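The block underneath contains the structure these notes are about, expressed in structure tokens.
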Amino acid sequence: MNIAVLGTGSVGQTLSAKLVQLGHKVVMGTRKVGEAQSRTTKDGYGNPGIGEWIKSNPAVKLATFAEAIAFGQLIINATMGGKSIAALKAGKSGDLAGKIIVDLANPLDFSKGMPPVLIPELCNTTSLGEEIQKAFPQSYVVKTLNTMWCGLMVNPSMVGGGDHHNFISGNNPEAKFEVRKLLSQFGWKDEKLLDLGDITSSRGTELILPIWLRVMSVKQNGAFNFKVVS
Ligand SMILES: NC(=O)c1ccc[n+]([C@@H]2O[C@H](COP(=O)([O-])OP(=O)(O)OC[C@H]3O[C@@H](n4cnc5c(N)ncnc54)[C@H](OP(=O)(O)O)[C@@H]3O)[C@@H](O)[C@H]2O)c1
């Protein structure tokens, strides 16, 4: 499948590499291609700058957000949550219509340091997932994977033998079915995918972030996940 991965950070890089490995064609979206290519220094977590990463992953094409959106039959939103709608709006009118948008972004504000806070306008009585769905009513937004570190998104068996949960929210059952198929390619067992209902349920999964961040700071490692036991 032709997949657009919007976002050049560690999530975009991790997802793109896995998708290529699975045989998909991937175009990664950024604001300015030349500027992204010049980013060669590592981030604070040791991830390579996108300019270095793209050189060692030649199967992934780097393009503008608009070009990536036009290319993708399915769109993955891996942009900074507070800027996701702007990134998606870079697409030409109609280029997102009828497409699935897999939204794994979190609406976090890092401007006051760590830990970041949820952006007030995008939580509690709404969520980023819902606001994307409202902004693109002809697309099918499926919120998933946002509650874990990106290494685990594409390799769930890395912890606990894969015995932990990933949530799914979205209004369209067929879109959720398609995303479940993609998640199964990533290694997710179907019974570990917990469908929480329509896109309003992404209010709950985005609100997991404050506790996720606190656990991460205590463990000093993002390789953990939540499991629902009943
Ligand atoms: N890191 C994880 O393990 C993890 C886990 C779960 C969910 N998430 C979520 O996944 C998303 C991506 O995280 P990340 O750490 O890989 O990257 P990030 O630093 O949060 O976001 C990077 C992307 O956001 C874009 N961006 C920044 N400012 C923008 C603006 N003003 N307008 C349009 N686009 C803008 C950047 O575009 P340029 O390429 O042009 O710079 C870049 O592609 C975030 O929402 C994060 O909360 C992350």
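What follows is calculated from the coordinates using simple rules that are stated; it is not laboratory data. Note that the coordinates shown come from a computational prediction; the quantities given were computed from them, not determined experimentally. No Cβ is skipped: glycine too gets one built from the backbone with ideal geometry, and neighbour counts run over all protein chains shown.
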### Query
If you project the alpha carbons of region 1-49 onto their three principal axes, what span does each projection cover, largest first, in Å?
31, 22, 12
### Surface/4 of the Cα convex hull for the chain, nm²
12.0 nm²
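Find the eigenvalues of the gyration tensor of the Cα atoms of region 161-216, then list the square roots of 5 times those eigenvalues as equivalent ellipsoid semi-axes, largest first, in whole angstrom. Before the final figure, lay out the partial values.
Numbers: eigenvalues 82, 56, 11 Å².
That gives 20, 17, 8 Å for the three semi-axes.
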#### Entry: Likely footprinting exposure, GLU206, GLU191, GLU67, fewest C-beta neighbours within 10 Å first
GLU191, GLU67, GLU206
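Going down the table (LYS55/LYS92; LYS42/LYS189; LYS55/LYS143; LYS99/LYS181; LYS89/LYS189), which pairs top 23 Å between alpha carbons? Intermediate results must be reported in sequence, preceding the final value.
Working: LYS55/LYS92 28 Å; LYS42/LYS189 33 Å; LYS55/LYS143 30 Å; LYS99/LYS181 16 Å; LYS89/LYS189 33 Å.
Those over the limit are LYS55/LYS92; LYS42/LYS189; LYS55/LYS143; LYS89/LYS189.
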#### Entry: Relative contact order (percent, whole number), the chain, Cα cutoff 8 Å, 6+ residue spacing
17 percent
#### Entry: Inter-part distance where region 1-71 and region 148-188 are each reduced to a Cα centre, Å
21 Å
### Query
Around ASP195, which amide H atoms from residues at least 5 apart in sequence, or from another chain, sit under 5 Å from its own amide H, with H modelled in the peptide plane?
ILE168
### Task
Please sort 92-98, 116-122 by packing, taking for each peptide the average over its residues of neighbouring beta carbons within 10 angstrom, highest first.
116-122, 92-98
### Query
How many times 2.2 N^0.38 Å is the alpha carbon radius of gyration of region 113-230?
1.07
#### Entry: Order of ARG39, ARG214, ARG31 under a 10 Å beta carbon neighbour criterion, fewest first
ARG214, ARG31, ARG39
### Phi to ³J(HN,Hα) by Karplus 6.51 cos²θ - 1.76 cosθ + 1.60 over region 57-66, Hz, x for Gly, Pro
10, x, 6, 8, 9, 9, 8, 6, 3, 5
### Query
Taking the alpha carbon gyration tensor of region 1-116, what are the square roots of 5 times its eigenvalues, largest first, to the nearest whole Å?
21, 18, 13
